[in-house]
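Heads up: the structure comes next, in structure tokens.
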Amino acid sequence: MNIAIIGSGLTGSLAAISLANAGCRVDLYERLSDEELINRDRTYALTHSSRRILQKIGIWSYFVSNLVPFQYLNVIDYELNKKFQFLINDLNNSDQKYSAVGWIAEHKNIMLSILDFISNIDNINKIPTSVIPNTNNYDLILAADGSNSNTKKKLKTHSLNFNYDQMCITAKVLLRGVKSNEAFEILNSDGPFAVLPLGGDLFQIICSQPIEKANYNMSLSKALFLDYLATILPNGVQPDTIIGVPESFPINFILNYSFFSGKYIFLGETAHKFHPVGGQGLNLCWRDVDCLAKLISLPILRNNHSIIPFLYSLSRFIDVLSISLLTDSLVRYSRSNINIFILPRKLVFFILKKSSFIRKNILHIMTNGI
Ligand SMILES: Cc1cc2nc3c(=O)[nH]c(=O)nc-3n(C[C@H](O)[C@H](O)[C@H](O)COP(=O)(O)OP(=O)(O)OC[C@H]3O[C@@H](n4cnc5c(N)ncnc54)[C@H](O)[C@@H]3O)c2cc1C
């Protein structure tokens, strides 16, 4: 099968490897150089669903030495002043042996490993341009050109689209008073924020807050920004030094009504983009890739490839919709600090703290999708 992939971000590149492994001939179109693809300052939380996908295509062993595992995921509700933890025991039995609730990955490391891997695969042809000269040459065309996808615009694909009135600030910070194997998800009335371990005392802060406040915080000197961080970090955790320069980006929600149009298939952020809370983004993008690779590997579909786009769209619907609802609910939960919500909020937190059954199920959805 001849496949064109538009976009060589983390979704498009992984799709190229998975489909080449499934026996397809892949042309991978990308407008940026490898250097530009690698030099993005982003940090991802990887779950066991991503670990399994990377193991299946034989790339996990290249990744794992660059990942930072965490054994504790602390969830803190500032409005209630309460905390509970997801632990390794809350994972499925088969995942527990990896001794990690999840892993933190820096973009540079994983993009570099993936591009290295691609350079050794014969049936992937990298084409440094943004225009496919002749679309008739391909059985399927995968649009993995990101949330501002031109392919989607050209095909006039409709989606549910809205902006959160929030910005996300990311910063690398040396912290005291926190173990190097714990991560935090903090629910705060400004918006949720995460503290992710990067090894030793270095942590990534991913903090969502109202646009005006975020703009103000981004205008602060490093010393004043550190003082600000000291006011929002959990009790006993102190920020020491900011490494590099904090960055910010707007947060929006995009969910396509359909994940295909004719022989075009929408993968990753071309199909869906959510709030960064919960660290679901990249894991969901890679589950799209895995689902498509499974369909393309089915011998019965090899000669009927025109139904693959429809089957893919159908197969991905529940997982993507559930994660979008879960993520959006978490944002709304975090920001609902008016009195009538306090009682239900206390109840939710009490149940999560006391019931390992509920905790296991929530962690299962966050880790493996649906
Ligand atoms: C500013 C920013 C910060 C982020 N920070 C985080 C974070 O801290 N943690 C996290 O988990 N997630 C973060 N994300 C989301 C995360 O980057 C994505 O989930 C992940 O990169 C997967 O995206 P993708 O490959 O689907 O799309 P992208 O990464 O957007 O890749 C799309 C690729 O397509 C290429 N392209 C576009 N148009 C064309 C064309 N016409 N022809 C050829 N190529 C084309 C682009 O150059 C790009 O390389 C962030 C996103 C942004 C925009």
note = Selection from the stretch 314-370 of residues among the acidic types (Asp, Glu) and not in a helix (DSSP H, G or I) yields none
request  = Scan the stretch 153-196 for residues that are in contact (Cβ under 8 Å) with a residue 60 or more places away in the chain, closer than 23 Å to ILE254 by Cβ and near the ligand (Cβ under 10 Å from one of its atoms) and jot them down.
outcome  = CYS168, THR170, ALA194
inquiry  = For a quick check of your reading of the model, give me the residue pairs whose first member lies in the stretch 125-141 and is within 23 Å of ASN21 (Cβ to Cβ), whose second is hydrophobic (A, V, I, L, M, F, W, C), with beta-carbon atoms closer than 6 Å and at least 6 apart or on different chains.
reply    = LYS126/LEU28; ILE132/ALA4; TYR138/ALA4; ASP139/MET1; LEU140/ILE3; ILE141/ALA4
inquiry  = Whether any residue in the stretch 289-301 is without any contact (Cβ under 8 Å) to a residue 24 or more places away in the chain, over 25 Å from ASN361 (Cβ atoms), out of contact with any helix residue (DSSP H, G or I) (no Cβ under 7 Å at 6 or more places or on another chain) and outside any helix (DSSP H, G or I) is what I want to check.
reply    = yes
Sole residue being modelled with pLDDT of 95 or more, under 30 Å from SER180 (Cβ atoms) and more than 16 Å from the ligand (Cβ to nearest atom), chosen from GLN85, GLN71 = GLN71
key: Which listed residue is among the β-branched types (Val, Ile, Thr), surrounded by 14 or more Cβ atoms within 10 Å (Cβ to Cβ), touching a residue at least 60 places away in the same chain (Cβ under 8 Å) and closer than 24 Å to ARG332 by Cβ, from ILE211, ILE251   = ILE251
message = Can you tell me which of (1) of a type in the set (A, V, I, L, M, F, W, C); (2) more than 14 Å from the ligand (Cβ to nearest atom); (3) in contact with an Asp or Glu (Cβ under 9 Å, 6 or more places away or on another chain) is the one ALA293 doesn't meet?
response = (3)
task = Within the stretch 257-285, track down each residue that is modelled with pLDDT of 95 or more, in a helix (DSSP H, G or I) and more than 9 Å from the chain's Cα centre (by Cα).
result = GLY268, GLU269, THR270
ask   = Of everything in the stretch 124-136 that's closer than 20 Å to ILE38 by Cβ and of a type outside the set (S, T, N, Q), which residue is surrounded by the most Cβ atoms within 10 Å (Cβ to Cβ)?
value = ILE124
inquiry  = Step by step: first the residues of the stretch 254-278, then only those that are of a type in the set (Ser, Thr, Tyr) and more than 15 Å from the ligand (Cβ to nearest atom), then the one that is surrounded by the most Cβ atoms within 10 Å (Cβ to Cβ). Which residue is that?
reply    = SER261
ask   = Which condition does ILE121 not pass, out of (1) in contact with a strand residue (DSSP E or B) (Cβ under 8 Å, 6 or more places away or on another chain); (2) away from the ligand (no atom under 16 Å from the Cβ); (3) closer than 28 Å to GLU36 by Cα, if it passes all the others?
value = (1)
ask   = Name the pairs: first residue in the stretch 269-288 and touching a residue at least 60 places away in the same chain (Cβ under 8 Å), second residue near the ligand (Cβ under 7 Å from one of its atoms) and among the charged types (D, E, K, R), Cβ to Cβ under 7 Å, at least 6 apart or on different chains?
value = THR270/ASP145; CYS285/GLU269
query = Would you say GLU182 is among the acidic types (Asp, Glu) and under 30 Å from PHE84 (Cβ atoms)?
reply = yes
So ARG335, is it surrounded by fewer than 20 Cβ atoms within 10 Å (Cβ to Cβ), at negative phi and charged (D, E, K, R) = no
ask   = All but one of (1) within 16 Å of CYS285 (Cβ to Cβ); (2) at pLDDT 95 or above; (3) surrounded by fewer than 20 Cβ atoms within 10 Å (Cβ to Cβ); (4) within 16 Å of the ligand (Cβ to nearest atom) hold for THR47; which doesn't?
value = (3)
Count - residues of the stretch 197-223 that are farther than 24 Å from ASP165 by Cα and of a type in the set (A, V, I, L, M) = 3
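The values are calculated or read from the model by the stated rules, or taken from the named source; none is laboratory data. Given the structure is predicted, the values throughout are model-derived calculations rather than measurements. For neighbour counting, all protein chains shown are included, and Cβ atoms are generated from backbone atoms with ideal geometry for every residue, glycine included.
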